[in-house]
Each structure stands twice: as structure tokens, then as C-alpha cells.
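S.K.: There's a structure below that I have some questions on.
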Amino acid sequence: MKRNRVALKLGLTIFLIVLILFIPYSIILEGVYRNYYINQTKTNLLQLSERYAEMLSTPSTMLMHNMLPMMAQFTNTDAVLINTQGIIIQNSGVPSYKVGTPISRDELFEMQQGKVIESLYTDPETNHTFFMVGRPTFKMKQFSEAILIFSPINGVERSIRYLQRAMLLTGFITILVAIGLILFFTRTLSRPLVIMEKATKQIAKGDLDTRVNLFSGDEIGSLAQAINELAMDLKKYRDNRNEFFANISHELRTPMTYLDGYANVLKNGLYESEEEKQQYLQIIMEETKRLRVLIDDLFDLSKMEEGKFPLNMEWVDIAEIVQQAVKQVKPKAAEKGIHMKLKILDSLPLFYGDGLRMQQIMLNLLDNAIRYTEHGEINTAIRIVDQEFRITVRDTGIGMEPDQLRSIFDRFYRVEPSRSRALGGSGLGLAIVEKLVLIQGGTIEVESELGKGTAFHLRFKVEDKRDK
Ligand code: ADP
């Protein structure tokens, strides 16, 4: 039962709503019906009593007295005739109104005053209820006789009982409908929810291949789809994380091996000359530096992925930043005989971004360009096209194949791992560059041809100073 609680709740709610509407409705209906019936009876009896009274005032009173039982039978009523003293002189059939006995003093008094009396009367002998109308007649302005007419209202009770039975039947049908709805909701709502609950528990346990096989165009279908997508994302995330940890351990192990080995060599004096010792110390320093760069990069990257990387956005001179970066890497390029060229459009608008991070991006791209170029030149350019800053770093280096291009922004991806490592790369540079560009609202694209060279294109919107 617990499993179908939603369906049960819905079914019971519908059932309760129907009952809440149904009970007052039937009470009101019964009241309205009873009132209507009694009013109708009253009107009829008043009219009828008027007729009787008219007939009683005619000279042929005696004939009238004799016809009373027959008339009562025709009109489906009972009539009781009272004389001037309030004694019953004729009765067509009301059991407790015995001929020769008086009626109540109050009733007689009222009728003597000329009032028409009316009341509900339950006969003590038969327990039948009647609506009663009493009307006096006057001769020469003197109270002469009175006629009491009784109409049984058992008919209304019967009709109301019939109505109550109909209501009960409706109530029963309501219960059946509610049960039907519970079953319907169980199939369409509760069952899919139970399936999804099971699937999410499986996913939470780590079974990320779990899928919910529910296909419908409604919210349930969307929820099932969302759960499947969540499972796929989690799986991708888990695979990525596993790969990431494998990569980190690998990246850390290489410098650690060097540090361990050379520190041991030095400790045990296993070198032959001072020169050799200096060489080993140099290696230890370089590996330590590499470790520090790797740890710093990892830290930055994790902050960026968490969305917690602090940016210092301000209006900066992008031409100045790019010029500085080119100037900084120029000696390294010169060592390899590579020409550094820079083309900057005159009078560039101010750039809205983090100056320090823009410099980091440029240095990374330029470092890579120098690292993966043997000869030729590196062209850096800034232009404004379609209200966008377009920054390009183009080299004439080794280039890449199309399928390699797809992964170069992935963490630790290197086309040639040993070469990259030998050239001092951590495999995190472009992943960091891409994130830095994205969090400043820009985009980065790469085009490359194996053996011919590579170009990185950055785009940033020219921001309106009034908006900032
Ligand atoms: P790394 O530290 O290895 O340079 P990056 O993330 O900066 O790591 O670059 C990833 C890989 O992309 C590099 O290992 C290299 O194979 C390739 N790559 C990056 N820039 C260039 C370039 N200008 N020319 C050719 N290959 C490049």
C-alpha cells in the first residue's frame, strides 16, 4: 500500500471533495424539496378549505354534512367538521378525532376569532403525519362551524426516502469512481514514480548505467528523461574524475621519481665531480618548479570549474597587454630564431576584462606557439570586427591533425606527451586558457594544419561603457 500512496492520496482527495460537496448538497436538496412539498400541500389545502367553507355557508348544509366523507375521499384528504361549541360532529377518517369530543381550546378560540389555523399534526393512534388547515365559517357574522382538513404528508417522506436512496446510490458510485481513479493514478502516476524512485536509488548507489524506460510526452516523461541525463552526466563526470586522478598521479610521479633519485644520489655522494653535482641540483630545481606550476595550475583549474575563480573585471588597454606579452616571450623566440610579429589596429576601444588573466592567456598561447614551432614566425594581431575584439596568435609550427584538435582543450591532453613534457608543458595550459576566456564572456577557436602551423582565435564583445 505504501508504494501507491500518491494514487491513494489523490483518490481519497477526489472522494473527499465529492463527499464535501455531496453531503451539504443532499441536505439542502432534501430541505428544499420538503419545503416545496409542504407549501404546495398548504396552498392546496387552503384552497380546498375555502371551497368547503363556501359550501358549508350555503343553505343545503345538511347535504354537505352527508357528502363530506365522499368529498374527502375524492380529494385524497380527510375532513373533520366542528360545531359552534368546538365539538366534532363529522369525521371522514382521522382516527383520533372522535365524533362528540371537543377539539383543543386554543384552536377553537383562534377559529372563533375568524383565523385560519394550520399545523403539522401527527396522529397518536396511527403515527401518520398530516398537514392540517382549519377554517371557520360564519353565518350572520356569527361563528357557526369550522372545517379541519388533513392531508397526509407521508408522500413527501416517501419521496425523501427515495431521494435519500438515490443519494446513497450516488455516494456508492462515487466510491467506485474513486477506486477507479486510484487504480488509474496508480498506473499513470504512482507506478512510474515508484520506478523512478527505484532508479534514482540505484543511481545513488553508484550504478550509473541505470536508465528509466518511461516514454511519455508529459511531466513524468520529462522527469524520466532528466533522471537518465543525470545518470549519463554522473557517469561522464565519474569517468572524467577517474581519468583526472590517474593523470594527476602520473604527472606527479615523474617529477617525484626525479626528485627522489637525484636527492639520493646527492645524499650518498654518488657523483664524480662538482659539475655533475650542480647538474643534479639543477634538475631537482627544475622538477620542483614544474611541480609548483602543476599544483598552481590544478588549483586554478579547480577554482574555475567550481565557478569560484576571482576575476578583477575593469577597463583595460588590451593593446598594451598583448604588446607586453609579446615582448616578454621575444627572447625565447629569438633563441629559436623565430620572428615575433604584432599587428594592432590603431585606436582600439577599451577592453572590459581582467588584465592579469588576459596576460596569462596571451603568454600561454605565445609560449605554446614558440614551443611547437621550429622555424618561421609567430603573428599576433588584434582587430575589431562586428563589434568584437578578435585576437589571433598564428604560428608556422608543427600543426595538428583535425582529430587531435578536438581534444586540445581537455585537461592533460597532449598530442605528443613526451615531447610536451620535455618542453616543460603540463598539459593543463589550454584547459586553463579556455576556462579563462569563457569566464570573461569570450570564445576561443583553433585552426591547424599538420606541418603548416596553428592559429588560435579569441573573440570578446566590445562592451558599452555605459552598461558597466
Ligand atoms: P602543454 O603543456 O602540453 O603545451 P597545452 O594544454 O598548452 O599543454 O596544449 C595541449 C597540447 O596541444 C599540447 O601538448 C600540444 O600537443 C598541442 N598544442 C598546443 N598549442 C599548439 C601549437 N601552437 N602548435 C601545435 N600544437 C599545439
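The values are calculated or read from the model by the stated rules, or taken from the named source; none is laboratory data. Quantities reported herein were computed from a predicted structural model and do not represent experimental measurements. We place every Cβ from the backbone using ideal geometry, glycine too, and count neighbours over all the protein chains shown. Note: areas computed on protein heavy atoms with side chains; ligands, DNA, RNA excluded. Shrake-Rupley method; radii C 1.70, N 1.55, O 1.52, S 1.80 Å.
S.K.: Quick one: what pairs do we get from the range 432-459, first residue free of Cβ contacts under 8 Å to residues at least 24 places away in the same chain and more than 12 Å from MET358 (Cα to Cα), second away from the ligand (no atom under 13 Å from the Cβ) and open to solvent by 30 Å² or more (accessible area, probe 1.4 Å), C-beta under 6 Å, 6+ apart or different chains?
M.R.: THR443/ARG459
S.K.: Right, LEU181: crowded, with 17+ Cβ neighbours inside 10 Å and at pLDDT 90 or above or not?
M.R.: Working: crowded, with 17+ Cβ neighbours inside 10 Å: yes; at pLDDT 90 or above: no.
When the stated conditions are applied, LEU181 does not pass them.
S.K.: Out of all the residues in the range 397-422, which are open to solvent by 40 Å² or more (accessible area, probe 1.4 Å), more than 7 Å from the ligand (Cβ to nearest atom) and either closer than 21 Å to LYS332 by Cα or hydroxyl-bearing (Ser, Thr, Tyr) (or both)? Can you show your working first?
M.R.: Pass one, the range 397-422, residues open to solvent by 40 Å² or more (accessible area, probe 1.4 Å): 398, 401-403, 406, 410-411, 413, 415-419, 421-422.
Keeping just the survivors that are more than 7 Å from the ligand (Cβ to nearest atom) gives 401-403, 406, 410-411, 417-419, 421-422.
Those that are open to solvent by 40 Å² or more (accessible area, probe 1.4 Å), more than 7 Å from the ligand (Cβ to nearest atom) and either closer than 21 Å to LYS332 by Cα or hydroxyl-bearing (Ser, Thr, Tyr) (or both): SER418, ARG419, ARG421, ALA422.
S.K.: Which members of the range 82-120 meet the condition of being in contact with a Leu (Cβ under 6 Å, 6 or more places away or on another chain), surrounded by 16 or more Cβ atoms within 10 Å (Cβ to Cβ) and hydrophobic (A, V, I, L, M, F, W, C)?
M.R.: none
S.K.: Then there's this: Of all residues in the range 82-103, which are in a loop (DSSP other than H, G, I, E, B) and closer than 20 Å to TYR52 by Cβ? Show your work before the answer.
M.R.: Keep residues of the range 82-103 that are in a loop (DSSP other than H, G, I, E, B), which gives 83-86, 92-101, 103.
ASN83, THR84, GLN85, GLY86, SER92, GLY93, VAL94, TYR97, VAL99, ILE103, listed by residue number.
S.K.: Something else: Provide a single number: the residues in the range 230-283 that are at pLDDT 90 or above, β-branched (Val, Ile, Thr) and surrounded by 12 or more Cβ atoms within 10 Å (Cβ to Cβ).
M.R.: The number of residues fulfilling the criteria is 2.
S.K.: Okay, moving on. Looking at the range 434-462, which of the residues that are more than 7 Å from the ligand (Cβ to nearest atom) and of a type in the set (Val, Ile, Thr) is nearest to LEU348 (Cα to Cα)?
M.R.: VAL462
S.K.: Go through THR186, THR129 for me and flag whichever is in contact (Cβ under 8 Å) with a residue 24 or more places away in the chain and within 18 Å of ALA79 (Cβ to Cβ). Quick ask: steps written out before the conclusion?
M.R.: On the way: THR186 fails: within 18 Å of ALA79 (Cβ to Cβ).
None of the other options fit; the residue is THR129.
S.K.: Moving to a separate point now. Which one is modelled with the lowest pLDDT, of the residues in the range 45-64 that are of a type in the set (A, V, I, L, M, F, W, C) and surrounded by 14 or more Cβ atoms within 10 Å (Cβ to Cβ)?
M.R.: Initially, the range 45-64 is screened for residues of a type in the set (A, V, I, L, M, F, W, C), giving 45-46, 48, 53, 55-56, 62-64.
Within this subset, residues satisfying the condition of being surrounded by 14 or more Cβ atoms within 10 Å (Cβ to Cβ) are 45-46, 48, 53, 55-56, 64.
Working: LEU45: 90, LEU46: 92, LEU48: 90, ALA53: 84, MET55: 82, LEU56: 78, MET64: 69.
Across the range 45-64, the extreme among qualifying residues is MET64.
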